[in-house]
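Undergrad: My structure is below; once you've seen it, I'll send some questions.
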Amino acid sequence: MEPAPVGEDSAAPDEQAIQATVALEGDGACIARARRLAADFLTRVQADHGLPVSERAMDLTQLVVSELVTNALKYAPGPVLMDLRITGDAVEVVVWDGDPVLPVARAADVGRVGQHGLEIVMAIAQGFEAHREPVGKRITARIALVDDPGGAVAGRPPL
């Protein structure tokens, strides 16, 4: 299925919502496709709407998309919906799947092979939320569009 066009949603009359939605189903090829869709979306945000998007934001968004879509395809039955939307100075990556079980980040373990995706997303995202829906769950990660000139990572204050 092709992504819905970037355009207006139910925003205030003077505000234009910028978003794209796509249904994904299948194997690992659709994970790569989801990353390309995210990159294309942010490229259009820059070109069509003049919003700044740092190279870092582009890379982090593709990483978050890859991790969230991979988890949804691996652990949930049926199709996955991915919604990308600009909210203020950030991009939100929203992934819905049909499994109502909310993900739980495992304790850090450098010896563990795999299963670090949620840890990665939570470490690099400016915000992270997981909600049960009437059918399945919705995971939202928020990534700053531009790098903080003060050196903060993903819009967070330096440690």
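Undergrad: Return yes when Leu60 is crowded, with 22+ Cβ neighbours inside 10 Å and either under 21 Å from Arg132 (Cα atoms) or basic (Lys, Arg) (or both) and no when it is not.
TA: When the stated conditions are applied, Leu60 does not pass them.
Undergrad: Only one of these conditions is not met by Thr70: (1) more than 13 Å from Ile139 (Cα to Cα); (2) surrounded by 12 or more Cβ atoms within 10 Å (Cβ to Cβ); (3) not basic (Lys, Arg). Which number is it?
TA: (1)
Undergrad: Within the group Glu92, Glu55, which residue is buried (at least 16 other Cβ atoms within 10 Å of the Cβ) and either of a type in the set (Ser, Thr, Tyr) or under 19 Å from Leu42 (Cα atoms) (or both)?
TA: Sole residue among the options that is buried (at least 16 other Cβ atoms within 10 Å of the Cβ) and either of a type in the set (Ser, Thr, Tyr) or under 19 Å from Leu42 (Cα atoms) (or both): Glu92.
Undergrad: Turning to a different aspect of this structure: Where in region 84-159 are there strands (runs of 3 or more DSSP E), lying wholly inside it, with at least 1 residues that are at pLDDT below 85 and of a type in the set (Ser, Thr, Tyr)?
TA: In region 84-159, there are no strands (runs of 3 or more DSSP E) which contain 1 or more residues that are at pLDDT below 85 and of a type in the set (Ser, Thr, Tyr).
Undergrad: Here's something else I'd like to know. Collect the residues in region 30-80 that are at pLDDT below 90 and among the aliphatic types (A, V, I, L, M), keeping them in residue-number order.
TA: Ala76
Undergrad: So, in region 39-52, exactly how many residues are crowded, with 20+ Cβ neighbours inside 10 Å and touching a Pro at 6+ places or on another chain (Cβ under 8 Å)?
TA: Counting residues in region 39-52 that are crowded, with 20+ Cβ neighbours inside 10 Å and touching a Pro at 6+ places or on another chain (Cβ under 8 Å) gives 1.
Undergrad: Another question, then. List pairs: first residue in region 88-101 and under 19 Å from Leu145 (Cβ atoms), second residue of a type in the set (Phe, Trp, Tyr) anywhere in the structure, Cβ distance under 9 angstrom, at least six positions apart or on different chains.
TA: Final answer for the pair search is Val91/Phe41.
Undergrad: Let me ask you something else. Kindly provide the set of residues from region 46-64 that are free of Cβ contacts under 8 Å to residues at least 60 places away in the same chain and within 15 Å of Gln19 (Cα to Cα), ordered by number.
TA: Scanning region 46-64 gives Gln46, Ala47, Asp48, His49, Gly50.
The values are calculated or read from the model by the stated rules, or taken from the named source; none is laboratory data. Remember, it's a predicted structure, so these values are computed and weren't measured experimentally. Glycine also receives a Cβ, built like all others from the backbone with ideal geometry; neighbour counts cover every protein chain displayed.
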